[in-house]
1. Can you tell me how many residues in the range 227-268 are among the hydroxyl-bearing types (Ser, Thr, Tyr) and touching a strand residue (DSSP E or B) at 6+ places or on another chain (Cβ under 6 Å)?
2. Look at the range 360-376 and say how many of its residues are surrounded by fewer than 24 Cβ atoms within 10 Å (Cβ to Cβ) and within 14 Å of SER412 (Cα to Cα).
3. Return the pair list, or none, for Cβ contacts closer than 7 Å from residues in the range 193-208 that are modelled with pLDDT under 50 and surrounded by 10 or more Cβ atoms within 10 Å (Cβ to Cβ) to residues that are not hydrophobic (A, V, I, L, M, F, W, C) and not in a loop (DSSP other than H, G, I, E, B), at least 6 apart or on different chains.
4. State whether the residues of the range 421-440 include one that is assigned to a strand (DSSP E or B) and of a type in the set (Val, Ile, Thr).
5. It is to be established whether one or more residues within the range 266-276 are in a helix (DSSP H, G or I) and touching a Phe, Trp or Tyr at 6+ places or on another chain (Cβ under 9 Å).
6. Considering (1) buried (at least 18 other Cβ atoms within 10 Å of the Cβ); (2) over 19 Å from GLU381 (Cβ atoms), say which one ALA280 fails and leave the rest.
7. Need the failing condition index for SER147 against (1) in contact with a strand residue (DSSP E or B) (Cβ under 9 Å, 6 or more places away or on another chain); (2) at pLDDT 75 or above, just the number.
8. Condition first: polar (S, T, N, Q), touching a Leu at 6+ places or on another chain (Cβ under 8 Å) and outside any helix (DSSP H, G or I). Now tell me which residues in the range 210-252 satisfy that.
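The values are calculated or read from the model by the stated rules, or taken from the named source; none is laboratory data. Owing to the predicted nature of the structure, the values given are computational and were not obtained by experimental measurement. Counting neighbours? That spans all protein chains shown, and the Cβs are built from the backbone with ideal geometry, glycine included.
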Amino acid sequence: MTVKSVPLPDIGNFKDLPVIEVLVAAGDRVEAEQSLITLESDKATMEIPAPFAGVVKKVLVKTDDTVNVGDIIVEMDADDAASPAPEPAKTAPAAVSAPAPEPAAPAPVEAAPEVAPATMPATAPANEENTTYPINSPTPGAVFHASPSVRAFARTLGVDLAKVSGTGIKGRIQKTDVTAFVKNTLTQATSPAATAGGSIPPLPSIDFSQFGEIETVPLSRIQKRSGKHLSTCWLNIPHVTQFDETDITDLEAFRQSLKARAEKAGVKLTPLVFILKAVARALADYPKFNASLDVSGENLILKKYIHIGVAVDTPNGLVVPVIRNVDRKGLFELSAELAEVSARARDGKLSPEDMSGGCFSISSLGGIGGTQFTPIVNGPEVAILGVSRSKMSPVWNGETFEPRLMLPLALSYDHRVIDGAQGARFITALSAVLSDLRELIL
C-alpha cells in the first residue's frame with residue numbers, strides 16, 4: 001500500500017467551514033466514496049467522500065476545526081489499484097444522506113457572512129478568514145484579499161474586512177487601510193448627526209427569569225445568518241410595499257383541468273408554478289425589477305436572464321433556492337424542478353449554485369394562511385413578491401356580485417430604483433397575467 005494524503009476538494013465558494021463530525025478513525029478500512037467527515041455551511045451539511053479505497057492511517061482534523069479547500073483531512077494507506085489522490089477540483093456538492101456522486105465531490109449558500117476564525121493552517125488565499133459569498137447569499141459578503149497579519153490586526157480591532165477598501169496592488173487590504181477605516185468610523189460616530197440620534201441604540205438587556213421560568217434555545221445557523229442579512233436589507237433598502245388582489249378563478253379552473261396530465265407526468269401542478277411564469281413575464285416587460293444597484297449606488301445593473309428565488313420553509317429556517325431561466329421552461333418542467341429543489345432545501349442539501357444568481361424573489365404563505373404581509377427585499381435584488389392565501393370573495397361585475405377566487409399579493413421594492421408608479425404598473429401587469437393566462441402568449 002502507498003500512503004496518500006486526502007485534501008479537502010473544491011466545495012464551492014466557501015471558506016473556514018466547521019467540522020461537525022469525524023466519521024472515521026485511524027485503522028478504519030474505507031471504500032472509495034465512503035464519507036470521511038461532515039462539514040456544515042450556513043444552509044446545509046455535507047459529507048466529504050474518500051477519493052479512493054484504503055485504510056485510514058491518520059485523521060488530521062477533529063470536531064469543531066475549520067477547514068478550507070486543499071487542507072489535508074486524512075492520510076490513507078491506499079490500495080495498490082487505487083488511483084492517485086486527485087487535485088482539488090470543482091465538483092458537485094455531496095448529499096447529506098448519500099455519498100457524493102463523483103470521486104472528488106461534496107457541497108452549500110448561499111454562503112454565509114460571518115467572520116469565522118481559522119483553526120487550520122492558513123494557505124493564502126484559499127484560507128481567507130472571511131467567507132466569499134455568491135450574489136444573493138442569505139448574508140452578502142465581499143471579495144477581498146489581505147495577508148494573515150492584516151487579518152489578525154483587523155480581528156484585534158473588531159473590523160469587518162468586507163467593509164474595508166484596499167489600496168494595495170489589485171485592491172489588497174493593508175494595515176493603513178484598516179486604520180483609516182477605524183478613524184473614519186470613529187469620526188462618523190462622533191459627528192453631530194450621530195450624537196443627535198443618527199445611530200440605532202441596542203435593545204436593553206433584561207433578565208426574564210425574574211418574571212418566571214424560562215428556557216434559552218439557541219437559534220439555528222440559518223436563522224442567525226439570515227437574520228443578519230434581513231437586518232442589513234431592512235436598514236439599507238428604503239422599502240415600499242404595494243398591495244393588490246388578483247382574480248385567479250380561471251387560473252384555478254385551468255390548473256384543475258391539467259391535474260390528470262400532471263399526475264401522469266409525475267408532477268404536482270401548484271399555483272406557485274403559474275405565479276413563477278407570470279412573474280417572469282412581468283420581469284421581461286419591466287426590466288428595472290430584474291436589476292441590482294452596483295456597490296456605488298449610482299448605476300443599475302440590468303440582467304438579461306430571469307432567475308427567480310423561491311422561499312422554502314425548512315426545519316432549520318427559511319432558505320431561498322433559485323429557479324433558473326424561468327421564462328424558458330414549461331409548467332411541468334418548473335413543477336418538477338421546484339419539487340426537487342424544495343425537497344433538497346428541507347433536507348439541507350442545497351449547493352452554492354442552488355442559492356446564487358437570483359434576480360427576484362417570491363415568498364408564498366398561501367399554503368399556511370394569512371391575508372397579507374410585507375416581505376423584505378432580498379438584497380441585492382430590488383423587489384420581492386409576497387403571496388398570501390387565496391379566498392372566495394364577492395366581486396361586482398357591473399350588474400351583480402359573483403363569487404371569485406381572489407389572490408392577495410404584496411410587492412415590496414427598493415424605492416431608490418423603483419418609484420410608486422412603476423410599482424403599481426408592475427403589480428397591475430402581473431395581476432393581468434394571473435387573471436388571464438392568455439396574456440402569456442401575447
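1. 3
2. 9
3. ALA194/GLN188
4. Checked against the condition, which is being assigned to a strand (DSSP E or B) and of a type in the set (Val, Ile, Thr), the range 421-440 yields no hits at all.
5. Checked the range 266-276: at least one residue is in a helix (DSSP H, G or I) and touching a Phe, Trp or Tyr at 6+ places or on another chain (Cβ under 9 Å).
6. All conditions pass for ALA280, except number (2).
7. So the condition that SER147 fails would be (2).
8. Passing the criteria: THR241, GLN242, THR246.
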